[in-house]
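In what follows, a structure is listed as structure tokens, so that the remarks can point back to it.
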Amino acid sequence: MGIEGMVNPPVIDFPREASCFDIAGLSLAYGDTPALEGLTLRVPRHRVTAFIGPSGCGKSTLLRALNRLHDLDETVTQRGTIRFEGQDIHAPEVAVDELRRQVGMVFQMPNPFPMSIYDNVAFGLRLQGGLTRRQRDDVVEWALGAAALWDEVKDRLGDSAWSLSGGQQQRLVIARTLAVKPSVLLLDEPASALDPISTLKIEDLIRSLKGQLTLVLVTHNMQQAARVSDYTAFLQQGRLVEYAPTDTLFTNPRLAHTENYITGRIA
Amino acid sequence: MTLAERIRRSRPVNEGAGAWLAAGSVALSLLMLGGLLLLIAVRGLGHFWPASVALVELEDGRQLAGQAVRELPLPDGQGRERLYFTGNRDLDGGVWAWLPVEEIAAQRHPADLVVLERQRWGDFIGRLVAVEPRETEDAPGQSDPEGAWMQLQARLAELETLREARETLERETIRPLARRLEDDPDNVEARQALEAATARVTRQTAAMEETTLVLESVAGDRFRQPLDAVLAASRPNAMSTGEKLGAWTQGVWRFLSEGPRAANSAGGVWPAIFGTVLMVMLMSLLVTPFGVLAAFYLNEVAHQGRLTRLVRIAVRNLAGVPSIVYGVFGLGVFVYGIGGTLDDWFFGDSLPSPTFGTGGLLWASLTLALLTLPVVIVATEEGLARIPDHQREGALALGATRLEMLTRVVLPMAVPAMLTGVILAVARAAGEVAPLMLVGVAKLAPQIPVDGDFPFLHLDRKFMHLGYHVYDTAFHGDDVQAAMPLVFATALLLVLVILVLNLTAIFLRHHVGSRHAMTAP
């Protein structure tokens with residue numbers, strides 16, 4: 001059975017009050033190439049939600065739509081609405097820089113800026129301004145601690161961020177994002193470029209953050225999704241196939257299609 | 001055939017031809033470059049070496065003193081002839097002598113031959129008879145060449161002190177007073193002070209003219225030479241190698257530090273060095289912000305459509321426009337257009353003599369900035385394109401606005417590329433001569449464009465340039481032959497100046513680069 005034939009994909013629903021993102025009828029295309037088609041789902045607050053699916057299914061595209069990173073690409077056309085805490089993020093009164101401060105993002109490739117470790121973490125704070133040097137130091141220490149990096153770098157905060165290992169760089173990027181105190185953290189395959197030990201550290205970090213933050217994780221590693229997420233959405237060819245609590249989706253998927261994917265029978 | 005057999009060599013490998021051809025081209029290029037530098041270095045620096053003076057006796061009994069320059073075979077195979085630099089333009093009318101080698105009966109190098117560098121008439125080569133006060137009668141009595149030589153050296157040292165004192169007086173007393181009088185013509189006090197100072201200068205000048213030298217050429221012509229026109233004296237035949245090295249160093253230093261004399265055919269090139277460096281630095285200051293902003297707009301702001309592509313192609317093609325065309329543009333737009341308008345608005349008092357409506361430092365720098373603009377734009381754009389998008393997205397995801405993203409993340413990362421552009425621009429601009437001839441370079445600009453008078457940097461003044469100096473010295477002197485070593489020396493200097501400018505920029509790039517550790521991803 002092709003997924004084109006499914007009219008009402010089996011999805012769970014959260015009450016509007018408990019949802020952080022409320023996505024309705026979202027379609028998105030790069031030029032003439034459609035990437036998302038009629039996506040409707042709600043992302044629960046203070047939980048970890050994972051988007052899984054084969055390469056090119058649109059999971060990263062969906063993630064980048066949540067903090068309007070597609071604004072940079074002139075070829076992108078978009079329909080449907082995304083509400084963040086009830087506010088349509090495309091409404092003219094929304095300040096996109098404030099939205100992105102609230103909805104932080106960590107990318108697949110660790111992308112620390114070419115400056116010192118301290119300056120990387122303080123980057124967002126300096127953009128906001130209004131902190132004394134002392135307060136800024138405190139926030140930097142807190143953020144590096146929250147990202148489980150403080151003990152490793154506390155003696156060399158002035159070193160270039162590019163001197164860190166890949167796993168440390170990724171945690172630095174997370175610390176940099178946490179420093180501006182976002183309420184959402186979007187993670188776009190944050191561990192795919194890392195070794196297994198660094199991956200475990202990132203996963204521990206995700207678990208430790210979910211009490212305070214809404215986390216949205218894109219991954220092509222199903223074990224990872226199973227390990228860290230509370231809810232999982234399975235996407236294929238730009239459509240939502242199944243969306244359920246992680247335990248349910250991995251142990252008892254409602255659709256054969258989902259089962260085939262998570263057991264590795266289709267790529 | 002097994003796999004092991006298959007990967008064994010079945011025929012001798014000949015990777016020779018391609019590798020040799022490539023290595024050969026590199027060797028040839030290096031050889032040509034080395035030959036070029038060696039030629040200008042030897043011909044240029046050799047000029048300052050005190051060449052020994054030969055006293056030549058010819059078969060017919062004539063005598064002649066000069067420095068051998070080179071030897072050529074006669075056209076019809078009748079032996080060889082040799083070129084001597086004989087100096088003494090005031091006595092002989094010329095300074096060169098071609099002598100057939102077989103007519104030379106004897107050649108000696110007597111130690112008492114002197115070479116005098118003079119302000120007028122060029123070098124004197126001959127004998128020093130006496131050093132006397134001006135008013136003495138000719139007394140061809142017993143001559144004492146050794147004593148006269150000692151006296152001459154002492155007098156030359158005194159003269160140097162006097163010259164310096166006079167220059168200081170003129171610079172620090174007379175010129176400021178003259179300026180004050182210009183503003184306030186009724187200031188009696190200043191007028192008296194000025195008259196007193198002028199009188200002192202006159203007295204000093206008279207004192208310098210007091211002494212004359214009695215000189216005699218080897219042919220026997222005797223004449224008097226006022227001492228104050230003598231710049232330097234040497235007896236090359238009597239010098240040891242160490243002394244010659246000292247004289248050479250002094251010669252090079254004077255070449256670097258003094259202004260030109262005798263219609264650029266002698267003297268130094270300091271104003272030209274200064275003009276070249278100042279013009280290039282001004283040009284860099286003008287071109288960098290424009291080029292960088294243009295590249296930022298093209299790469300970061302503009303919609304990447306057909307129009308942007310068209311503009312980009314046009315900019316790259318601008319780099320290929322011949323430089324003289326830029327010169328014509330600068331003359332038409334900057335000098336006549338903008339400069340003429342500025343004169344009408346602000347300098348109406350001094351019209352019809354133009355202030356900005358004629359070539360000058362500012363217009364030359366602007367023209368060269370325009371000429372090098374494409375280089376800076378292209379280099380900066382390439383640097384911007386190399387910055388990965390995830391760096392930009394990283395900044396935006398932290399709530400940076402587009403402007404904050406550009407200034408705080410992209411700009412610092414693009415600095416090395418910008419400096420590469422500036423290095424290329426400097427290399428191109430420092431060597432340009434053609435456009436400068438139209439927009440402000442001068443054969444002789446006695447005043448360098450920076451001095452103590454407000455506004456200190458005189459953008460309207462004409463300036464000298466090493467490249468143009470080479471051209472002028474080589475083609476526009478009365479005696480091109482004599483000026484040729486200076487052409488080589490100036491060319492060598494131009495190469496060195498460009499090298500130093502480039503090294504400065506490269507050092508700057510390295511310094512900025514290492515601060516950000518621009519090595520990883």
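The values are calculated or read from the model by the stated rules, or taken from the named source; none is laboratory data. It should be emphasised that the depicted structure is a prediction, and the values quoted were computed from it without experimental measurement. Reconstructed Cβ throughout: ideal geometry from the backbone, glycine too, with neighbour counts over all protein chains shown.
Tabulated data for the structure shown
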| quantity | calculated |
| --- | --- |
| Scan of region B:38-63 for residues that are more than 25 Å from B:Thr241 (Cα to Cα) and either in contact (Cβ under 8 Å) with a residue 40 or more places away in the chain or in a helix (DSSP H, G or I) (or both), ordered by number | B:Glu57, B:Leu58, B:Glu59, B:Asp60, B:Arg62, B:Gln63 |
| Residues that are surrounded by 17 or more Cβ atoms within 10 Å (Cβ to Cβ), out of contact with any Leu (no Cβ under 8 Å at 6 or more places or on another chain), closer than 30 Å to B:Leu256 by Cβ and not small (Gly, Ala, Ser), drawn from region B:275-317 | B:Thr288 |
| Count - residues of region B:383-408 that are more than 7 Å from chain A (Cβ to nearest Cβ) and surrounded by fewer than 20 Cβ atoms within 10 Å (Cβ to Cβ) | 10 |
| Which listed residue, of A:Pro110, A:Pro92, is surrounded by 16 or more Cβ atoms within 10 Å (Cβ to Cβ) and out of contact with any strand residue (DSSP E or B) (no Cβ under 9 Å at 6 or more places or on another chain) | A:Pro110 |
| B:Ala197 being crowded, with 17+ Cβ neighbours inside 10 Å and farther than 30 Å from B:Ile125 by Cα | yes |
| Subset of region B:284-336 (residues that are within 14 Å of chain A (Cβ to nearest Cβ) and charged (D, E, K, R)) | B:Glu300, B:Arg306 |
| So A:Ala143, is it more than 14 Å from chain B (Cβ to nearest Cβ) and within 16 Å of B:Gly394 (Cβ to Cβ) | no |
| Matching residues in region A:185-202 - criterion: being surrounded by 18 or more Cβ atoms within 10 Å (Cβ to Cβ), under 16 Å from the mean Cα position of the chain (by Cα) and more than 11 Å from chain B (Cβ to nearest Cβ) | A:Leu187, A:Glu189, A:Pro190, A:Ala191, A:Thr199, A:Ile202 |
| Residue match in region B:348-355 (condition: outside any helix (DSSP H, G or I), under 31 Å from the mean Cα position of the chain (by Cα) and not β-branched (Val, Ile, Thr)) | yes |
| Yes/no for A:Leu172 being at pLDDT 85 or above, closer than 28 Å to A:Phe21 by Cβ and in contact with a Pro (Cβ under 7 Å, 6 or more places away or on another chain) | yes |
| A:Pro253 vs. criteria in contact with an Asp or Glu (Cβ under 7 Å, 6 or more places away or on another chain) and without any contact (Cβ under 8 Å) to a residue 40 or more places away in the chain | yes |
| Matching residues, region A:186-202, being on the phi < 0 side of the Ramachandran plot, in contact (Cβ under 8 Å) with a residue 12 or more places away in the chain and not aliphatic (A, V, I, L, M) | A:Asp188, A:Pro190, A:Ser192, A:Asp195, A:Ser198, A:Thr199, A:Lys201 |
| Leading residue by the ranking (nearest to A:Gln169 (Cα to Cα)) among those in region A:81-118 that are free of Cβ contacts under 8 Å to residues at least 12 places away in the same chain and more than 7 Å from chain B (Cβ to nearest Cβ) | A:Ala95 |
| Hits in region B:409-454 (condition: in a strand (DSSP E or B), modelled with pLDDT of 80 or more and surrounded by fewer than 19 Cβ atoms within 10 Å (Cβ to Cβ)) | none |
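One line per residue, one yes/no per condition, for (1) within 16 Å of B:Val378 (Cβ to Cβ); (2) in the same structural domain as B:Ala427 (by TED's automatic domain parsing); (3) in contact (Cβ under 8 Å) with a residue 12 or more places away in the chain:
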| site | (1), (2), (3) |
| --- | --- |
| B:Val277 | no, yes, yes |
| B:Leu293 | yes, yes, no |
| B:Asn299 | yes, yes, yes |
| B:Ala302 | yes, yes, no |
| B:Val315 | yes, yes, yes |
